[in-house]
Each structure stands twice: as C-alpha cells, then as structure tokens.
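Asks: My structure is below; once you've seen it, I'll send some questions.
Each value in this text was obtained by applying a stated rule to the coordinates, not by laboratory testing. These figures come from a predicted structure and were not determined experimentally. Note that we place each Cβ from the backbone using ideal geometry, even for glycine, and neighbour counts take in every protein chain shown.
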Amino acid sequence: MKVRDIMTTRVESVKPTTVLRHAARRMSEFNVGSMPVVDDNGKLLGIITDRDISVYAIAMGHDPQSTEVQKVMTKDVITCIADMDLADAAALMKNKHIRRLAVMDNDLLAGFLSVDDLARASYDLAGAVLEAATPIH
C-alpha cells in the first residue's frame, strides 16, 4: 500500500504573512493542531503548530495580533512522497518521533499522512509510531 492510498488530501493551509491569531482561529475552526505554511504557488515553506503559537510565540512575548506565522513557524518539515510505501513512511515517522508527515507530489504539498490515517490501514504501524512519538515521563 502507498501513502497516496490513505493520506488526507483536503489540507487547509496558511500563508507566511498570516498573523498568529488568524492561524489559531483557523486551527480551531478546522479542529487541527497544525497547518502547513505555503506560498502563493503552493510550495511548502513550513508548518505552524498550536504549540508554536501557545508555547513559543506567546511565552516569548510575541503579539498574536501582529506577529506573522513566518516568525515562529517550524521551517524544517519532515516530508515523504505520495508514492512511498506505507511501511516506509511509518518507519520515517517512528524514527523522527512525529505523528504526521507532509506528503509531496511534484514538489507541491499533496496532503498529510497522520497516525489516524495509519490506524485506518494498520493498527500495528500506527501503534509503533505512537509508541515512538509519545514521551516517557
């Protein structure tokens, strides 16, 4: 099975110049914890997470009404390609300790592969990713 067979293709995104408050509202509206940051041509520039906003931006004193996403977004996004084997993508997620992968097709964002997507295809793959991504306290 390939990533493209189970990935989520409807992905909401924000522009790098979007202010943090607007990005947070969109995350709330779509009930997501992260959104890709793309330019006008759909090129992936980074990802903004609820943690980037709540922990980094606010704790560092950035004004959510005026600070742009590009100031606090994560720029190094782990990606895979749509034609990657699902087990290989799950191994990448496990090794990088992440719960979602940006899926690229012809250098453009094609979708996201999440642990939830994996669980619909294989409880074993999803379980391995979750076990690796969950910190032990």
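Asks: Using amide H atoms built in the peptide plane, which far-off residues or other-chain residues are under 5 Å from Ala110 H to H?
Replies: Val103, Met104, Asp105
Asks: Assuming R0 = 41 Å, what is the FRET efficiency of Asp124 and Asp76, from their Cβ-Cβ distance, to the nearest 0.05?
Replies: Computed FRET efficiency for Asp124 and Asp76: 0.90.
Asks: Quick one: Karplus J couplings for segment 70-83, per residue in order, coefficients 6.51, -1.76, 1.60, θ = phi - 60°, nearest Hz, x for Gly and Pro?
Replies: 4, 6, 10, 5, 7, 8, 8, 9, 6, 10, 9, 9, 4, 8
Asks: Can you tell which of Leu101, Pro36, Leu113 lies farthest toward the positive end of the dipole of the chain, using +1 and -1 charges on the Cβ of basic and acidic side chains (Lys, Arg; Asp, Glu)?
Replies: Farthest towards the positive pole: Pro36.
Asks: Using C-alpha positions alone, give me the convex hull volume of the chain per residue in cubic angstrom. Before the final figure, lay out each step's value.
Replies: Details: hull volume 14.6 nm³, N = 137.
That works out to 107 Å³ per residue.
Asks: OK, next. What fraction of the DSSP beta bridges in segment 1-111 is antiparallel, stated in percent and rounded to the nearest 5?
Replies: Numbers: 11 of 15 bridges.
Percentage antiparallel, nearest 5: 75.
Asks: Next question. Within the chain, how many Lys pairs that are eight or more residues apart, or on different chains, come under 21 Å at the alpha-carbon?
Replies: Summing the qualifying lysine pairs gives 9.
Asks: Return, ordered by residue number, the residues of segment 22-48 whose backbone nitrogen is under 19 Å from a label point located 7 Å along Cα→Cβ of Gln65.
Replies: 22-26
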